[in-house]
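Some notes on the structure that comes next.
The values are calculated or read from the model by the stated rules, or taken from the named source; none is laboratory data. Because the structure is predicted, anything quoted here is derived from the model rather than measured. Here the Cβ positions follow ideal geometry from the backbone for every residue, glycine too, while neighbour counts run over all protein chains shown.
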Ligand SMILES: Nc1nc2c(ncn2[C@@H]2O[C@H](COP(=O)(O)OP(=O)(O)OP(=O)(O)O)[C@@H](O)[C@H]2O)c(=O)[nH]1
Ligand SMILES: [Mg+2]
């Protein structure tokens, strides 16, 4: 099982599942992190506490803790 | 005249406020990050037949989960009085924006979709077939651009047409399995003729299947419910099975997502993928792992450097202008009291505040750039890890930066923090971010006590120091008063946008006008008040006593050499108090004992010039007279409180007057020193006077105190309103005062020791 916090910079991945409590899940979904969506980690902060991901037509910043809630599968 | 009330609803940062401005010519606040609008605002427009009222609401990602600002929108949508919704969408991010649209369509209100940012979409090769979209949804969809005003009139016309027509249900179509179940429920309702005012059968069915509370509340009390329940259970069972999911929220979300996706494939065509890449390229530098933070710090440093050095130039002109004005006007007025009121009260007070307008303008230009380019969320990204260590949230950055402008909007901006504790914590430390009104104090003192080429750095250091204190305070509060869970940090990063010059100009201009207005009204009144209570009651006895002494001195001027000793002696009799000579004015009361030997030496030296002695006596006279005035008495009363910090009573009074508004600190100092310093008035600037009268240690303690103590009363009132708690407001007052006092005390004592 791979989650968003583990994938390398610039690696493409598809979202498989979001396993977070209701509030966070809603927020992630409403920002466009839907199952099947392609994402890519484009930037990480110094200690990799915070990452910036690109998805569809927008970019979202989240902490590693939140990224752990997003299960992904590497895309070729 | 008919009235139409319109609710502008959409996801954050899609240009709702910009669109409202484009439609009505209003000046709502615009910025390139999520959460600019946090309170509903109204813009008005008149057409031939209608008075249109646009209600600009905070953006929200979905109708379900919300922070305090999103709640404003949700509440207005549910309870507010409006005729139709204009749903604003970002054409360059259609699919995600449609997620909110699907929820809005279920609200069963008249609705128009404004596909905003058409100019950007075209540039990015994104084409939306608005006609097809209107047909599919049965809702008018108009491509508009708030920036170029493309189609804005068409949008208004469409709004009026929709308003005039009866409500036509929109066509939101779900998956076939869900549609089947909806049909079953609808048929049952039709058979039983079950009506709910204003809703079609299908809408009731959707409400029931999606388990909407409002619908249940009505249906539940109806006898029909007994028969309805099994049908519903059955339908839900089917839906759950079909979706392989037994959470209704999740089912709804998937249905909406599928609809949005389906719609996009029909109406959206993308020919090139460009815009994202520009933003990504800039981000590769600006939020680079190693470069990001240094660049951020450099930019902040540059801003404060410019604020000081660039602001310095016009500041000199303004000060000279007011000096000239004071002299010229002073010469034409015979009445002493009136002359003093105008020259020492109004011109000195208001002038000392206006002098800092250039600095304020540069600072606000910096903040405007931060807000409009998109760098704001990058800074939040860069600082989140750091903030997190101190128990703060990355998103706290936005209210904190707003706090560099003014605390009032900053408290409101804290609404974007979802967690109440995060929000309160952020609000508590907003005061540590020195607001624009404190800038004059810093510029004045930095200019007075430091060389010109380092003063900009000092200014930067003051702000950084304040921010660091704020972080430490946050940590302390986090482990004591506001213990709590970490709030997740998820934030959209908008693309970079070049703000139009017009927008920048307006943002800075409106702030400057506000500052001028404040100077012309509030500061003016405060200066007059301070002048009055520091000029009255007049004390003739002191005047006469000193008058006699000075005359005596003048009489002996020729035989000065022999009589010196005597006059020094007599001077000591009459004034054992602290300020004996202008130079000794630096010595604050608490320090009189310590520095007494120095005083004597200086006097011995000065004894050589009778003129100096006369000047000293004059100064002393003014000092004495002022101490007998209302303000002087009040100042003496608060002096013990401030004495351990090295403040004389004037500084104490200025500090307290700053509670009304921080600019008043400077105007009060201006008035007090203008009144008390008539002797060496030969065009001494306020800066020089301050330098002459206040010791370095006291001045630094003063800066620290001003940096930390309570924001002005207006801000405190807003704090109370936003925090909705007396307890927290009292805590804020005590916390800021105690911290300010202790830190100023430490600063003063340490500086005394090392110097
Ligand atoms: N190019 C272009 N930019 C636009 C347009 N409309 C808005 N913007 C920009 O988009 C950003 C967001 O605009 P706002 O009006 O503040 O957005 P909002 O929807 O009110 O945002 P919140 O109040 O935070 O929900 C600003 O930088 C605007 O200048 C447009 O039609 N074209
Ligand atoms: Mg807005």
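Within 14 Å of chain A (Cβ to nearest Cβ) and either over 21 Å from residue B:119 (Cβ atoms) or within 11 Å of ligand 2 (Cβ to nearest atom) (or both): does that describe residue B:99? Answer is yes for this residue.
Just name the residue that is nearest to ligand 1 (Cβ to nearest atom) out of those in the stretch B:138-167 that are farther than 15 Å from residue B:49 by Cβ, surrounded by fewer than 19 Cβ atoms within 10 Å (Cβ to Cβ) and in contact (Cβ under 8 Å) with a residue 40 or more places away in the chain. Per the criteria, the residue is B:147. With the requirement that a residue be part of a loop (DSSP other than H, G, I, E, B), within 14 Å of another protein chain (Cβ to nearest Cβ) and near ligand 1 (Cβ under 7 Å from one of its atoms), what does the stretch B:8-22 give you? Once the filter is applied, which keeps residues that are part of a loop (DSSP other than H, G, I, E, B), within 14 Å of another protein chain (Cβ to nearest Cβ) and near ligand 1 (Cβ under 7 Å from one of its atoms), the stretch B:8-22 yields B:12, B:13, B:14. Taken over the stretch B:86-115, the criterion of being within 15 Å of residue B:158 (Cα to Cα) and surrounded by 24 or more Cβ atoms within 10 Å (Cβ to Cβ) is satisfied by B:86, B:87, B:88, B:113, B:114, B:115.
So, in the stretch B:484-502, of the ones that are away from ligand 1 (no atom under 16 Å from the Cβ) and in contact (Cβ under 8 Å) with a residue 12 or more places away in the chain, which residue ends up farthest from the other protein chains (Cβ to nearest Cβ)?
Within the stretch B:484-502, the match that is farthest from the other protein chains (Cβ to nearest Cβ) is B:484.
Condition check: in a helix (DSSP H, G or I) and over 30 Å from residue B:83 (Cβ atoms). Does residue B:182 satisfy that?
Working: in a helix (DSSP H, G or I): yes; over 30 Å from residue B:83 (Cβ atoms): no.
The answer is no for residue B:182.
The set of residues from the stretch B:433-486 being over 15 Å from residue B:393 (Cα atoms) and part of a loop (DSSP other than H, G, I, E, B) comprises B:433, B:434, B:435, B:450, B:451, B:480, B:481.
Taking every residue in the stretch B:12-31 that is assigned by TED's automatic domain parsing to the domain that holds residue B:159 and farther than 20 Å from residue B:47 by Cβ and pairing it with any residue that is within 6 Å of ligand 1 (Cβ to nearest atom) and assigned to a helix (DSSP H, G or I), at least 6 positions away or on another chain, the pairs with Cβ-Cβ distances below 8 Å are B:29/B:17; B:30/B:17; B:30/B:18; B:30/B:372; B:31/B:372. Regarding the stretch B:531-540, can at least one residue be identified that is modelled with pLDDT under 80 and assigned to a helix (DSSP H, G or I)? Looking through the stretch B:531-540, at least one residue is modelled with pLDDT under 80 and assigned to a helix (DSSP H, G or I). Of the helices (runs of 4 or more DSSP H) lying entirely inside the stretch B:662-755, those containing at least 1 residues that are under 21 Å from residue B:350 (Cα atoms) are B:663-676, B:686-693, B:696-708, B:713-723.
Yes/no matrix, rows are residues, columns are (1) farther than 22 Å from residue B:378 by Cα; (2) in a helix (DSSP H, G or I):
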{"residue": "A:16", "(1), (2)": "yes, no"}
{"residue": "A:34", "(1), (2)": "yes, no"}
{"residue": "A:41", "(1), (2)": "no, no"}
{"residue": "A:60", "(1), (2)": "no, no"}
{"residue": "A:66", "(1), (2)": "no, yes"}
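For residue B:569, the stated conditions do not hold, so it cannot be described as more than 30 Å from residue B:349 (Cα to Cα) and modelled with pLDDT of 75 or more. Condition test on residue B:245, is it surrounded by 13 or more Cβ atoms within 10 Å (Cβ to Cβ), in contact (Cβ under 8 Å) with a residue 24 or more places away in the chain and touching a helix residue (DSSP H, G or I) at 6+ places or on another chain (Cβ under 9 Å)? No; evaluated as a whole, the condition is false for this residue.
I'm trying to understand the selection: among the residues of the stretch B:530-548, which are more than 10 Å from residue B:629 (Cα to Cα) and under 54 Å from the mean Cα position of the chain (by Cα)? Give the derivation first.
Of all residues in the stretch B:530-548, those more than 10 Å from residue B:629 (Cα to Cα) come to B:530-531, B:540-548.
Those that are more than 10 Å from residue B:629 (Cα to Cα) and under 54 Å from the mean Cα position of the chain (by Cα): B:530, B:531, B:540, B:541, B:542, B:543, B:544, B:545, B:546, B:547.
Check whether at least one residue in the stretch A:39-53 is more than 7 Å from chain B (Cβ to nearest Cβ), crowded, with 17+ Cβ neighbours inside 10 Å and touching a residue at least 40 places away in the same chain (Cβ under 8 Å), and report yes or no.
To start, the set of residues in the stretch A:39-53 that are more than 7 Å from chain B (Cβ to nearest Cβ) comprises A:39-41, A:48, A:51, A:53.
If we keep only those that are crowded, with 17+ Cβ neighbours inside 10 Å as well, we get A:39-41, A:51, A:53.
Still in the running and touching a residue at least 40 places away in the same chain (Cβ under 8 Å): A:51, A:53.
Checked against the condition, which is being more than 7 Å from chain B (Cβ to nearest Cβ), crowded, with 17+ Cβ neighbours inside 10 Å and touching a residue at least 40 places away in the same chain (Cβ under 8 Å), the stretch A:39-53 yields at least one hit.
Residues that are free of Cβ contacts under 8 Å to residues at least 12 places away in the same chain and more than 7 Å from chain B (Cβ to nearest Cβ) do occur in the stretch A:14-36, at least one of them.
On the stretch given as the stretch B:185-206, residues that are without any contact (Cβ under 8 Å) to a residue 12 or more places away in the chain and in a helix (DSSP H, G or I) total 3.
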